[in-house]
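**Q** Have a look at this one.
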Amino acid sequence: MPDIPFLAGQDGARIPAIGLGTYDLRGASGVAATASALDAGYRLLDTAFNYDNEGAVGRAVAGSPVPREQLIYSTKLPGRYHRHDLARWAIEESLFRSGLDRLDLVLIHWPNPRVGLYAEAWRALVEARADGLVSMIGVSNFLPEHLDRIIGETGVTPVLNQILVHPYTPHDELRAANAERGVLTEGYSPLGKGTDLAQDETVLRIAAAHGISAARLLLAWSVAIGVIPLPKSESAARQAENLDVFGIALTEDEVEQLSGLARSEGADPMTHEEF
Ligand SMILES: NC(=O)c1ccc[n+]([C@@H]2O[C@H](COP(=O)([O-])OP(=O)(O)OC[C@H]3O[C@@H](n4cnc5c(N)ncnc54)[C@H](OP(=O)(O)O)[C@@H]3O)[C@@H](O)[C@H]2O)c1
């Protein structure tokens, strides 16, 4: 089993340096896929209210021999529940759906700034943490101005900000803004889902030089730039492959070549709306 390092976050938080993305892992096959990931060594599971699989992921956690305190079950609050009372109910509902006795991490899924209730939602997360429903709280797809508003209004800094990060969308400025505020960065779609990244000539050349797959190279790059990648796979073999990245030593030049592939920003959190 690979030895997964931890990153240190706010208030003594220790977050595994890689986690499992669970989008689309649903039903009994989703339970089996999550269970195989836990067997392989994953200790951070990324789900969301809107993935319709909080129950499947929770079922795998409950059935796993891995001690509960070694696992981080992470979920996300949808945009339609940003209003304070609705946010509280949604967090409680996420807890009930998980079947667990507490959530380890809850994130605000998107800020939806045109609706303008994300600070209210953040206050509900702060209170849910104080009441013991959840151990850690964070955000996703937040820009620096959104971080500053919630930190300014509550004095509570999110443990992490989950954003799109892969070499076509490295988000250097956002990652730096997170780090300046003591906020860890989790990277979603680290394998470049929806792009041709795995066939990119630079990616294939550097992967071949190390004798590794494009997927392992992309994850090693995330780790090298200090991002916690969340690769999703339903295959036990690919889950294990994706964990085997901590011994890959990329040179500074290779990291820069990959970061230099930047070409898009992804969805704009100022206008993209998620409910
Ligand atoms: N916060 C947000 O707004 C947000 C948005 C998007 C995603 N996310 C989170 O981030 C997670 C990961 O992102 P993602 O699911 O979009 O994409 P991803 O992890 O970049 O890519 C997943 C795709 O890559 C394939 N794959 C996995 N390992 C592979 C390997 N070693 N070799 C070749 N192909 C491989 C998977 O297929 P198989 O399953 O068949 O292996 C799947 O089709 C999501 O599951 C979700 O938890 C968050």
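The values are calculated or read from the model by the stated rules, or taken from the named source; none is laboratory data. Keep in mind the model is a prediction, meaning the values are calculated, not measured. Every residue, glycine as well, gets a Cβ built from its backbone with ideal geometry; the counts of neighbours run over all protein chains shown.
**Q** Is it the case that A240 is small (G, A, S), within 11 Å of the ligand (Cβ to nearest atom) and either more than 20 Å from I72 (Cα to Cα) or at pLDDT 95 or above (or both)? First the steps, then the outcome.
**A** Numbers: small (G, A, S): yes; within 11 Å of the ligand (Cβ to nearest atom): yes; either more than 20 Å from I72 (Cα to Cα) or at pLDDT 95 or above (or both): yes.
The answer is yes for A240.
**Q** Among (1) within 16 Å of the ligand (Cβ to nearest atom); (2) touching a Phe, Trp or Tyr at 6+ places or on another chain (Cβ under 6 Å), where does A87 come up short?
**A** Here A87 meets the rest and fails (1).
**Q** Return the only residue of I228, I248 being surrounded by 22 or more Cβ atoms within 10 Å (Cβ to Cβ) and either more than 10 Å from the ligand (Cβ to nearest atom) or modelled with pLDDT under 95 (or both).
**A** Details: I248 fails: surrounded by 22 or more Cβ atoms within 10 Å (Cβ to Cβ).
Result: I228 is the single residue among I228, I248 that is surrounded by 22 or more Cβ atoms within 10 Å (Cβ to Cβ) and either more than 10 Å from the ligand (Cβ to nearest atom) or modelled with pLDDT under 95 (or both).
Residues checked against (1) within 12 Å of the ligand (Cβ to nearest atom); (2) within 30 Å of I150 (Cβ to Cβ); (3) surrounded by fewer than 22 Cβ atoms within 10 Å (Cβ to Cβ):
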| site | (1), (2), (3) |
| --- | --- |
| K193 | yes, yes, yes |
| L204 | no, no, yes |
| G211 | no, no, yes |
| R216 | yes, no, yes |
| W221 | no, yes, no |
| A224 | no, yes, yes |
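**Q** Can you name the condition, by its number, that S94 falls short on among (1) part of a strand (DSSP E or B); (2) in contact with a Phe, Trp or Tyr (Cβ under 9 Å, 6 or more places away or on another chain); (3) of a type in the set (S, T, Y)?
**A** Of everything listed in (1) part of a strand (DSSP E or B); (2) in contact with a Phe, Trp or Tyr (Cβ under 9 Å, 6 or more places away or on another chain); (3) of a type in the set (S, T, Y), S94 misses just condition (1).
**Q** Quick one: N53 ticks every box in (1) in contact (Cβ under 8 Å) with a residue 40 or more places away in the chain; (2) of a type outside the set (S, T, Y); (3) in contact with a Gly (Cβ under 6 Å, 6 or more places away or on another chain) except a single one, so which number is it?
**A** Of everything listed in (1) in contact (Cβ under 8 Å) with a residue 40 or more places away in the chain; (2) of a type outside the set (S, T, Y); (3) in contact with a Gly (Cβ under 6 Å, 6 or more places away or on another chain), N53 misses just condition (1).
**Q** Right, next: Restricting attention to the range 185-203, which residues are of a type in the set (A, V, I, L, M) and within 18 Å of D244 (Cα to Cα)? Step through it out loud before you land on a result.
**A** Start the filter on the range 185-203 by keeping residues that are of a type in the set (A, V, I, L, M), which leaves 191, 197-198, 203.
Hits for the range 185-203 are L191, A198, V203.
**Q** Quick one: what pairs do we get from the range 198-209, first residue touching a residue at least 60 places away in the same chain (Cβ under 8 Å), second away from the ligand (no atom under 12 Å from the Cβ) and not in a helix (DSSP H, G or I), C-beta under 8 Å, 6+ apart or different chains?
**A** As it stands, the answer is D200/L261, since those pairs meet every condition given.
**Q** Which pairs do you get when a residue that is free of Cβ contacts under 8 Å to residues at least 12 places away in the same chain, found in the range 10-24, comes within reach of a residue that is not aliphatic (A, V, I, L, M), reach meaning Cβ atoms under 7 angstrom, with the pair 6+ apart or on two chains?
**A** R14/F6
Conditions (1) within 16 Å of the ligand (Cβ to nearest atom); (2) aromatic (F, W, Y); (3) free of Cβ contacts under 8 Å to residues at least 24 places away in the same chain, marked per residue:
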| site | (1), (2), (3) |
| --- | --- |
| L71 | yes, no, no |
| K76 | yes, no, no |
| R80 | yes, no, no |
| F96 | no, yes, yes |
| V106 | yes, no, no |
| P111 | yes, no, no |
| V126 | no, no, no |
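**Q** Please find, among H109, H82, the residue that is under 17 Å from the mean Cα position of the chain (by Cα) and closer than 22 Å to R149 by Cα.
**A** Values: H82 fails: under 17 Å from the mean Cα position of the chain (by Cα).
Exactly one of H109, H82 is under 17 Å from the mean Cα position of the chain (by Cα) and closer than 22 Å to R149 by Cα, namely H109.
**Q** Right, another one. Name the helices (runs of 4 or more DSSP H) wholly inside the range 168-273 in which the number of residues that are closer than 29 Å to V115 by Cα and in contact with a strand residue (DSSP E or B) (Cβ under 7 Å, 6 or more places away or on another chain) is 2 or more. Let's see the steps before the verdict.
**A** Numbers: elements: 172-180, 201-210, 214-224, 236-243, 252-259.
Filter on the range 168-273 gives 172-180.
**Q** Next question. Answer yes or no: is there a residue in the range 129-138 that is more than 29 Å from D268 (Cβ to Cβ), hydrophobic (A, V, I, L, M, F, W, C) and touching a Leu at 6+ places or on another chain (Cβ under 7 Å).
**A** Yes, the range 129-138 contains at least one residue that is more than 29 Å from D268 (Cβ to Cβ), hydrophobic (A, V, I, L, M, F, W, C) and touching a Leu at 6+ places or on another chain (Cβ under 7 Å).
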